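Just so you know, all these numbers are worked out from the coordinates, no wet-lab data involved. Everything numeric here is computed off the predicted structure, so don't read it as measured data. When we count neighbours, we look across all protein chains shown, and the Cβ atoms used for this are built from the backbone with ideal geometry, even at glycine.
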Amino acid sequence: MTSEGMRDPKHYQLGKTQFDPDLIKEVEARGGKNAQMCYQCGTCTAGCPMTQRSGLRVRTVMRKANLGMREVLDDPDLWLCTTCYTCSDRCPRRIIATDAIIALRNIATQEHKVPMSMIKIMGSIAKTGHGVPNSEGNMKKRVLLGLPENPPTTHTYPEYIKDINKILEVTGLLKIKEEMEAESQ
Amino acid sequence: MKEYNFFLGCIAPNRYPGIEASAVKTSRKFDIDLQDFKGASCCPAPGAFGSMDVDAWIALGARNICLSEKEGKDIALICNGCYKSLFEANHRLKANPELKEKINSILANIDTEFQGSIEVRHLIDILYNDVGTEKVKESVEQPLTGLNVAIHYGCHLLKPKFDRTFGSSERPRFFDELVEALGATSVDYKEKMMCCGAGGGVRSYKVDLALDMCNEKLYNMVQANADVVVNVCPFCHLQLDRGQVEIKEKFGDVYDLPVLHYNQLLGIAQGMNPEELGLDAHEISVEPLLAKIL
Ligand code: SF4
Ligand code: SF4
């Protein structure tokens, strides 16, 4: 570690790796409560159903977040957590590691690092109110069951969709969606 | 007659309407009226939406809750994903005045204010805690004797346990008791509490990995001689049912294990016919199961 890097209170550096001490504070502020309490026991990784079939390692994510290694935000494996909360219910430090992962994903979203598959779901909700909208084949199934073609949701009352878009707008998500759609073209 | 606003979510009404229909029909037998919930939307999907912005996720969930607050009705729902979104939004907003203020400042843009005046209940919670297994048992006309059921609780019903009311997330019993009340046997299987693999946006992000997890669950269920998987979440249901078709295509593994939502199993036990429960619309045929019990 260079002495120069050490003196910079905000960012310090080891080789090419940047460390940002504010990252873990942001994770905690965004819902990853007590993430700084992690003592690296690895219980989370051991019980995670993704460990054996992917590169996701919860303990490593927690370590990187605590060290302020912002590169964790670029890790595609960050998006492999199914949010099953097994790690969280088993953590001896009562850290909700899942919520720390979700907080990291929120930060990554702000930096336009969210997968387009998620942006698509947002687009569907913005347009129809539903993440998974009705289909013609399904309408027939509904009628056979004695149900109306469309459920009494925003599908029947589209006038409610504008409120959904307003929330997406004031929380800044609509802007992120539009910018990312423009970037991906 | 206890009235609820019936929050449908997306997958039940828009992919498996039999789950919606069976919930309404079976609940009537217990004097529970699941009513049309006008203007409700996606909960919104906790994995995808929560991952993008937790505040927006809570605000959109609160929009749904506030619609029901205006009608003065508690919400009942049949999906673990919807449960995570709406139960947690309701609970967190009631418990945390700072968060409530923050979310209400978002909701002010649509002339809405969260009050904290209603409850959000999963129907399985209502069946177990309000109706009770004895009354469920009394409603049975066609006991499911000899049927081996692999129960899939689903993650967001029980976890994180500090934010739930069901107790143990490692060895819960209430769902097993509700299945046993119908005369069926709940079989134990390896990694029973494991996730189906669909959540967190993973099914839409990396479907192969989501299915690999599901494949392991299905294998373990079949090893335990299960005749059927029973769930309380349309998204787990989709993953387990349609997932079998995809697993066959991608990995060549074939299980042909029928998948039912608890309300559909309850409907069969209450003597309803398979068509009115929408069983014919499932990807994996339920015929072997019906042949065994009817
Ligand atoms: S189980 Fe908890 S304390 Fe242990 S490594 Fe994981 S997050 Fe850290
Ligand atoms: S919540 Fe995510 S990280 Fe934790 S055990 Fe489940 S899949 Fe793994």
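Just a few scattered comments:
- Residues that are within 11 Å of ligand 2 (Cβ to nearest atom) and not in a helix (DSSP H, G or I), drawn from region A:96-112: A:I96
- For region A:128-138, a residue qualifies if it is in a helix (DSSP H, G or I) and at the interface with another protein chain (Cβ under 7 Å from one of its Cβ atoms), and exactly one does: A:N138.
- Tallying residues that are part of a helix (DSSP H, G or I), more than 8 Å from chain A (Cβ to nearest Cβ) and not polar (S, T, N, Q) within region B:24-66 yields 9.
- Any hit, region A:30-47, residues being within 7 Å of ligand 2 (Cβ to nearest atom), assigned to a helix (DSSP H, G or I) and touching a helix residue (DSSP H, G or I) at 6+ places or on another chain (Cβ under 7 Å): yes
- Single unsatisfied condition, B:N225 versus (1) assigned to a strand (DSSP E or B); (2) surrounded by fewer than 24 Cβ atoms within 10 Å (Cβ to Cβ): (1)
- Filtered by the rule that a residue be surrounded by fewer than 18 Cβ atoms within 10 Å (Cβ to Cβ) and either within 14 Å of chain A (Cβ to nearest Cβ) or more than 23 Å from B:A21 (Cα to Cα) (or both), region B:247-273 gives B:K248, B:E249, B:K250, B:F251, B:G252, B:D253, B:V254, B:D256, B:N273.
- Scanning region B:265-285 for residues that are in a loop (DSSP other than H, G, I, E, B) and either polar (S, T, N, Q) or farther than 16 Å from B:A184 by Cα (or both) gives B:Q270, B:M272, B:N273, B:G278, B:H282, B:E283, B:I284, B:S285.
- Count of residues meeting criterion [part of a loop (DSSP other than H, G, I, E, B) and more than 7 Å from chain A (Cβ to nearest Cβ)] in region B:7-23: 2
- For region A:28-65, the set of residues classified as within 13 Å of ligand 1 (Cβ to nearest atom), polar (S, T, N, Q) and farther than 11 Å from A:R93 by Cα consists of A:T45, A:T51, A:T60, listed by residue number.
- Going through (1) more than 30 Å from A:A100 (Cβ to Cβ); (2) in contact (Cβ under 8 Å) with a residue 60 or more places away in the chain one by one, B:T185 falls short only on (2).
- Within region B:177-215, the set of residues being surrounded by fewer than 19 Cβ atoms within 10 Å (Cβ to Cβ) and of a type in the set (D, E) comprises B:E177, B:E180, B:D188, B:E191, B:D208.
- Residue check for A:I125: within 15 Å of ligand 2 (Cβ to nearest atom), in a helix (DSSP H, G or I) and within 7 Å of chain B (Cβ to nearest Cβ): no
- Criterion violated by B:S169 - all others in (1) away from ligand 1 (no atom under 16 Å from the Cβ); (2) surrounded by 18 or more Cβ atoms within 10 Å (Cβ to Cβ); (3) polar (S, T, N, Q) satisfied: (1)
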